[in-house]
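Asker: Pasting a structure below so you can have a look.
The values are calculated or read from the model by the stated rules, or taken from the named source; none is laboratory data. Model, not experiment: these values are computed from the prediction. Note that each Cβ is placed from the backbone with ideal geometry, even for glycine, and that neighbours are counted across all protein chains shown. Note: accessible area is taken over every heavy atom of the protein model, side chains too, but ligands, DNA and RNA are not part of it. Shrake-Rupley method; radii C 1.70, N 1.55, O 1.52, S 1.80 Å.
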Amino acid sequence: MGHLSAADAEAEAAEFERGVRAIRAYAAGHGDTDLPHGYVDESGFPLAVWVAVQREAHLEQRLGDARRSALDRVPGWRWAPED
């Protein structure tokens, strides 16, 4: 993993926060975080892809503690999707 510029790190952090807000909204409306394949929210955010990337990063131990904690606090969050 390379080092990000300050601007890239800021953009990446903002994208993570956008994803957390989006998955919280989805969970509030659906009661879980198991999104349909390819789900894109009403703002155009590719939420299903974002969730898959977060789960993969967790499995590969590439997800930082603060981000893991933020996702653990999402009501209904699971690290593996329901079959």
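Asker: Between Glu42 and Glu15, what is the label-point separation in nm under the 7 Å Cα-to-beta-carbon projection?
Answerer: The modelled label-to-label distance comes out at 2.5 nm.
Asker: If you don't mind, there's one more thing I want to ask. Let me know the charge dipole size of region 1-76 about its Cα centre in debye, to the nearest 20, where only the beta-carbon of Lys, Arg (+1) and Asp, Glu (-1) is charged.
Answerer: Dipole size: approximately 180 debye.
Asker: Farthest toward the dipole's positive end in region 18-83, which of Ala70, Ala80, Ala27, given Cβ charges of +1 (Lys, Arg) and -1 (Asp, Glu) about the Cα centre?
Answerer: The residue sitting most towards the positive pole is Ala70.
Asker: On a full-extension model of 0.36 nm per residue, what is the gain between Ala6 and Ala52, subtracting their alpha-carbon distance, rounded to one decimal in nm?
Answerer: 14.0 nm
Asker: Something else about it: Taking the Cβ of Glu10 as the center, what net charge do the other residues with Cβ under 14 Å away carry, scoring Lys and Arg +1 and Asp and Glu -1?
Answerer: -3
Asker: Report the Stokes-Einstein translational diffusion coefficient (µm² s⁻¹, integer) for the chain, Rh taken as the Kirkwood radius over Cα pairs, at 20 °C with viscosity 1.002 mPa s.
Answerer: 161 µm²/s
Asker: What whole-number value in Å² describes the accessible area per residue of the chain for a 1.4 Å probe?
Answerer: 67 Å²
Asker: Now a separate question. Where does the charge balance sit around Ala57 when Lys and Arg score +1, Asp and Glu -1, over other residues with C-beta under 10 Å from its C-beta?
Answerer: Surrounding charge for Ala57 is +2.
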